């Protein structure tokens, strides 16, 4: 499973502004709107779905990474957004550290397989320190997307 199959270049940013968990999730969902992956009218419902998932246990997996995810009927296929916070966001991460790298993933309600494969692929890639460092140092959105694409191809 390739990340490029569900990540649009309009859904990445090197400058997340959020300072709290709910804000960060909402900001990433707005990038899905910008990319045309979801409709504006679905933003609030999708944020609630993602926060409900967070209430089961934080998707902050440690090492400055969070992978908020959920299933919703407002998408017909897997969609993702990626954001870098320069200051870090408190996210109740497993290691108690702030999150700098956010990969938001939304799957259709009836898709178990692709959703789990995508989560596994993302977490595998983000385990690599050099990749995390490169993402955090990307100077602009275009460079950020290029770094993700190249790593995705290299580790196919």
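Some notes on this structure:
- Fluctuation leader among 101, 46, 56 - the chain, Gaussian network, Cα springs under 10 angstrom: 56
- Label-point separation, residue 97 to residue 140 (7 Å along Cα→Cβ), nm: 2.9 nm
- DSSP beta bridge pairing in the range 3-151, given as percent antiparallel to the nearest 5: 55 percent
- Estimated inter-spin distance, residue 56 and residue 17, nm [label 7 Å along Cα→Cβ]: 3.2 nm
- When only Cα pairs below 8 angstrom with a gap of at least 6 residues are kept, the chain shows a relative contact order of 29 percent.
- One entry in [x] 16.7, 52; [y] 13.9, 38; [z] 25.1, 92 is Rg and Dmax of the Cα atoms in Å calculated from the shown coordinates; its label is [y].
- Rel. contact order, % - alpha carbon contacts under 8 angstrom, at least six apart, the range 75-124: 39 percent
- Mean residue ellipticity at 222 nm, helices only, the chain: -13000 deg cm²/dmol; runs of at least 4 DSSP H residues each add -39,500 (n - 2.57), and the sum is divided by the number of residues.
- Candidates 14, 76, 59, ranked by Gaussian network fluctuation over the chain, Cα under 10 Å, top entry: 76
- For the chain, built as a Gaussian network whose Cα springs stay under 10 Å, the top-fluctuating residue of 109, 128, 30: 128
Each value in this text was obtained by applying a stated rule to the coordinates, not by laboratory testing. Being a predicted model, the structure only gives us computed values, none of them experimental. Heads up, the Cβs are rebuilt from the backbone with ideal geometry, glycines too, and the neighbour counts pull from every protein chain shown.
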